[in-house]
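Worksheet: one structure, shown below.
The values are calculated or read from the model by the stated rules, or taken from the named source; none is laboratory data. Just so you know, these numbers come straight off a predicted model, no measurement behind them. Every residue, glycine as well, gets a Cβ built from its backbone with ideal geometry; the counts of neighbours run over all protein chains shown. Note: areas computed on protein heavy atoms with side chains; ligands, DNA, RNA excluded. Shrake-Rupley method; radii C 1.70, N 1.55, O 1.52, S 1.80 Å.
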Amino acid sequence: MKTTGGKTVFGASVGILMLNTRFPRIPGDIGNAATWPFPVQYKVVAAATPDNVVRGDAAPLLQSFIDAGHELVDLGCDGIATNCGFLVPFQSEMSRALGVPVASSSLLQASLIQHTLPAEQSLGILTISSETLTKKHLDAADIPHDTPIGGTGAASHFTTQVLGDSAEIDFEQARQDNITAAVKLLSDHPNIGAILLECTNMVPYAADIRRATGRPVFSIYTYLLWFQSGLLPRRFPPDLDDIRTPGP
């Protein structure tokens with residue numbers, strides 16, 4: 001059987017564009033390679049930091065993300081993701097420029113999740129910075145402006161340590177910050193039927209949020225599992241002989 005080449009790296013179909021950070025990343029975080037049940041490729045965008053993407057103007061960084069994305073595609077990646085939900089305004093430009101599927105933000109799942117819920121229930125979004133998640137971000141993901149949004153709070157340990165790019169994080173305190181924010185979001189909006197985590201650093205706490213709120217929790221993890229399964233579909237038994245029960 002002949003196979004076709006044309007790229008350097010095979011088997012790592014998802015390329016992830018990373019902000020330039022130093023804070024620790026535990027399993028569950030998008031930037032910890034052990035999070036993924038499949039190989040991934042990483043590329044750091046040197047000029048991008050949590051502060052200038054989440055709380056500043058990320059627009060001047062678009063070309064840097066496109067250039068880094070081209071490097072991952074040239075290396076062999078079949079689809080590109082980013083590690084910050086606030087990059088969703090880059091979605092159209094990046095997919096057009098890179099010529100491959102792009103998953104710029106977990107927020108792009110919002111419409112699909114909403115369609116799974118009963119008519120009287122709403123999707124709720126939990127973000128690291130509700131103060132700077134604007135209509136621009138919602139519009140880029142086709143999210144209605146009246147969607148309930150909660151944040152971990154500008155003064156919380158989780159927010160200050162991640163956006164401040166601290167070299168140390170108290171992960172138990174970060175866990176509690178996320179649980180507290182999710183519980184408040186649900187208290188403020190009892191009709192929420194599911195929670196979507198904007199921030200890729202929230203994934204390690206998804207199970208705790210689910211337990212505390214009783215609501216399904218979606219994130220960049222759920223999104224990229226779906227994304228990768230289309231880029232590299234699982235091969236099932238090629239013929240019935242592989243699954244027939246042996247005779248006597």
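Can you pull out the residues in region 33-77 that are farther than 11 Å from residue 18 by Cα, in contact (Cβ under 8 Å) with a residue 60 or more places away in the chain and open to solvent by less than 60 Å² (accessible area, probe 1.4 Å)?
Hits for region 33-77 are 35, 36, 38, 54, 75, 76, 77.
If I ask for residues that are out of contact with any strand residue (DSSP E or B) (no Cβ under 8 Å at 6 or more places or on another chain) and among the small types (Gly, Ala, Ser), which ones from region 11-55 would you list?
Correct list: 11, 28, 46, 47.
Take region 50-69 and flag every residue that is of a type in the set (D, E, K, R) and at pLDDT below 95.
The answer is 51, 55, 57.
Please determine whether any residue of region 165-186 is acidic (Asp, Glu), under 12 Å from residue 25 (Cα atoms) and out of contact with any Lys or Arg (no Cβ under 8 Å at 6 or more places or on another chain).
yes
Search region 109-131 for residues that are closer than 17 Å to residue 203 by Cα and pair each with any residue that is open to solvent by 60 Å² or more (accessible area, probe 1.4 Å) and among the acidic types (Asp, Glu) when their beta-carbon atoms are under 8 Å apart and the residues are at least 6 apart or on different chains.
Once the first residue is closer than 17 Å to residue 203 by Cα and sits in region 109-131, its partners that are open to solvent by 60 Å² or more (accessible area, probe 1.4 Å) and among the acidic types (Asp, Glu) give 110/142.
In this structure, is residue 88 under 30 Å from residue 10 (Cα atoms), open to solvent by 10 Å² or more (accessible area, probe 1.4 Å) and not polar (S, T, N, Q)?
No.
Being among the hydroxyl-bearing types (Ser, Thr, Tyr), touching a helix residue (DSSP H, G or I) at 6+ places or on another chain (Cβ under 9 Å), modelled with pLDDT of 95 or more and more than 30 Å from residue 176 (Cα to Cα), is that true of even one residue in region 91-100?
Looking for residues that are among the hydroxyl-bearing types (Ser, Thr, Tyr), touching a helix residue (DSSP H, G or I) at 6+ places or on another chain (Cβ under 9 Å), modelled with pLDDT of 95 or more and more than 30 Å from residue 176 (Cα to Cα), one finds at least one in region 91-100, hence yes.
Consider region 124-163. How many of its residues are hydrophobic (A, V, I, L, M, F, W, C) and in contact with a Lys or Arg (Cβ under 7 Å, 6 or more places away or on another chain)?
Of the residues in region 124-163, 1 are hydrophobic (A, V, I, L, M, F, W, C) and in contact with a Lys or Arg (Cβ under 7 Å, 6 or more places away or on another chain).
Each row is one residue, and each column tells you yes or no for (1) at pLDDT 95 or above; (2) more than 17 Å from residue 127 (Cβ to Cβ); (3) not β-branched (Val, Ile, Thr).
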residue	(1), (2), (3)
179	yes, no, no
196	yes, no, yes
201	yes, no, yes
206	yes, no, yes
221	yes, no, yes
224	yes, yes, yes
242	no, yes, yes
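In region 92-107, how many residues are open to solvent by less than 40 Å² (accessible area, probe 1.4 Å) and closer than 19 Å to residue 225 by Cβ?
7
Among the residues of region 15-32 satisfying the criterion of being buried (at least 19 other Cβ atoms within 10 Å of the Cβ) and of a type in the set (D, E, K, R), which is farthest from residue 227 (Cα to Cα)?
25
Any idea how many residues of region 24-66 are β-branched (Val, Ile, Thr) and assigned to a loop (DSSP other than H, G, I, E, B)?
Here the count works out to 3.
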